[in-house]
Each structure stands twice: as C-alpha cells, then as structure tokens.
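The values are calculated or read from the model by the stated rules, or taken from the named source; none is laboratory data. Everything numeric in this text was worked out from a predicted model, so none of it was measured. So basically every Cβ, Gly included, is an ideal-geometry build from the backbone, and we count neighbours across all protein chains shown.
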C-alpha cells in the first residue's frame with residue numbers, strides 16, 4: 001500500500017510539474033536590437049494616435065503616419081504626415097479674418113520632410129501662409145514633425161541613447177519595459193524631442209513626468225510605445241492628460257526620403273515674413 005501511495009504521489013507531482021507553465025523569458029534589450037537596424041537606406045514605419053483626456057471627455061486629437069530613414073548612428077531623414085482630428089464645420093464661429101483662415105488651414109493634413117536637420121513643411125497652417133506656387137516652407141534646424149509634431153510621440157525609439165537612458169529606470173514586463181522619466185531628463189538626452197516641440201517647456205512643465213510602456217518583439221525591436229503626460233506640458237489645459245500610442249512596423253526595410261523639388265520651396269511666407277513665433281492660435285479651444 002505504501003508503495004502504491006508513493007507511486008500515486010510521484011505521478012501527481014509529475015503531472016503538476018508538467019502542467020505548470022514555463023516562466024516567460026525576459027524581453028530582449030531594445031537598445032542592441034535598434035542599433036542593429038541602423039544602416040543607411042534602411043528604416044522603420046509608424047502609425048500613431050494622440051488622445052486627450054480631461055477626466056470627463058476622452059478624444060483623439062491628432063493622427064500621424066510616417067517613416068524614419070536611418071544613417072549609421074540614428075535617424076538621417078524622416079517623412080511624417082499629421083492630421084488634427086477636426087473638420088471645418090467644427091470651427092464655425094471660432095474666428096474670422098486672418099485667425100479664421102489659419103484655423104481653417106488646421107483641418108488640412110500636414111506633411112514634414114526632414115533631411116539631416118533641415119525640415120520642409122507643407123499643408124496645415126503652412127498652406128495659409130505660403131504662396132500658391134511654393135507649397136513647401138524650408139526651415140533649417142527645423143521641426144521633426146511640423147506643427148502637429150508638437151503633439152506627437154515625445155520619445156523616439158530609434159535613438160539608442162534615449163532608449164538606454166529610459167531603460168536605466170525601468171522594469172521589465174511580460175512583453176517589454178515600462179517606466180517614468182521627467183520631461184527635463186528626456187529633453188536633455190533626446191535631440192529628436194528638442195527638435196519636435198515648437199517651444200521649450202516651461203520650468204514647471206520640465207518637472208512633469210512622462211509615463212511610458214514599450215512593447216518589443218522576440219528580437220527586441222520596438223513594436224508599440226505608449227506615453228502619457230499632463231496636458232499642461234504642451235499647453236493644452238491645466239488638468240488632464242495626453243496619451244500617444246505609436247505602432248512600429250517594417251524594421252530594417254528600405255526607406256528613401258528626399259527633399260521636395262527646389263522650385264516648390266520657399267524660405268519666406270506670402271507676406272514676406274519668415275517668423276512663425278508671432279502667430280497666436282487658439283489651440284486650447286480645439287483640444288477642448
């Protein structure tokens with residue numbers, strides 16, 4: 001009987017062991033995986049959705065698609081299209097004259113081609129500022145994603161130095177990594193972010209935290225990144241949050257980004273000026 005009970009116990013233990021799921025392997029470090037992708041002429045594509053929430057209402061504010069072309073050490077060029085989630089009918093009664101014209105232009109998709117550190121911007125508010133025969137505005141040391149890029153993904157996963165900094169204060173999840181970083185810390189380490197936002201954050205905004213969650217594939221390449229931070233950082237409200245959900249595909253695929261034809265490019269607006277800092281747009285109203 002004792003031998004029978006022992007046999008049953010051993011069989012039961014074996015069954016339990018075989019039924020216990022294997023522990024999931026820790027996700028691979030995306031820094032090394034991304035570095036392997038950084039070859040001239042190669043790149044990655046992405047789709048993105050920016051959502052605003054004030055505690056009562058949650059709505060999509062901007063949608064973007066784009067492609068990043070790599071060099072030996074990082075992003076060499078990019079082609080990004082952004083669209084604010086508004087229609088002309090949404091703007092009725094919000095302004096007239098020059099303000100009304102600029103607001104109407106915000107319903108048009110914006111495309112930003114960036115080669116090196118030079119940006120070429122077209123559509124959106126640029127369509128209201130540029131001559132009809134010059135649809136592209138050239139901006140040396142320009143914005144990575146134009147006007148709509150201010151509300152795009154603040155973290156560029158194709159920057160190994162940025163990824164490495166984030167991972168130092170992160171925890172592994174089942175499918176990737178998660179953590180928090182201060183705006184000031186990200187601003188310091190990321191050239192992409194410093195060229196993405198139209199204005200440098202205020203001292204108060206610099207102290208705000210950005211929560212992030214990165215999903216990677218079996219090779220460690222980023223497939224999804226979700227970041228969340230206060231609406232006050234980009235100046236869209238005193239309370240609430242902004243969340244950016246980015247999906248990445250085609251790592252290592254061929255990507256070619258070229259500047260627009262020279263005869264379609266200008267460095268001045270239709271009125272002869274070239275400074276956009278004086279433009280005042282009620283973006284907070286659009287977000288609300």
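Of 145, 149, which residue is modelled with pLDDT of 95 or more, in contact with a strand residue (DSSP E or B) (Cβ under 7 Å, 6 or more places away or on another chain) and not in a helix (DSSP H, G or I)? Outline the logic, then answer.
Values: 149 fails: not in a helix (DSSP H, G or I).
Answer to the selection: 145.
Please state which of the following conditions residue 214 fails to meet, knowing it meets all the rest: (1) surrounded by fewer than 18 Cβ atoms within 10 Å (Cβ to Cβ); (2) at pLDDT 95 or above; (3) in contact with a strand residue (DSSP E or B) (Cβ under 8 Å, 6 or more places away or on another chain).
(1) is the only condition that residue 214 fails.
Would you check which residues across segment 39-77 are in contact with a helix residue (DSSP H, G or I) (Cβ under 9 Å, 6 or more places away or on another chain), assigned to a strand (DSSP E or B) and closer than 17 Å to residue 195 by Cβ and list them?
Hits for segment 39-77 are 64, 70, 75.
What's the number of the only condition in (1) in contact (Cβ under 8 Å) with a residue 24 or more places away in the chain; (2) assigned to a helix (DSSP H, G or I); (3) over 27 Å from residue 245 (Cβ atoms) that residue 127 fails to meet?
(1)
Which condition number in (1) out of contact with any helix residue (DSSP H, G or I) (no Cβ under 6 Å at 6 or more places or on another chain); (2) outside any strand (DSSP E or B); (3) at negative phi is the one that residue 103 fails?
(1)
Please go through segment 152-169 and pick out each residue that is outside any helix (DSSP H, G or I) and crowded, with 18+ Cβ neighbours inside 10 Å.
Taking segment 152-169 first, the residues outside any helix (DSSP H, G or I) are 152-159, 168-169.
Listed by number, the residues that qualify are 152, 153, 154, 155, 156, 157, 158, 159.
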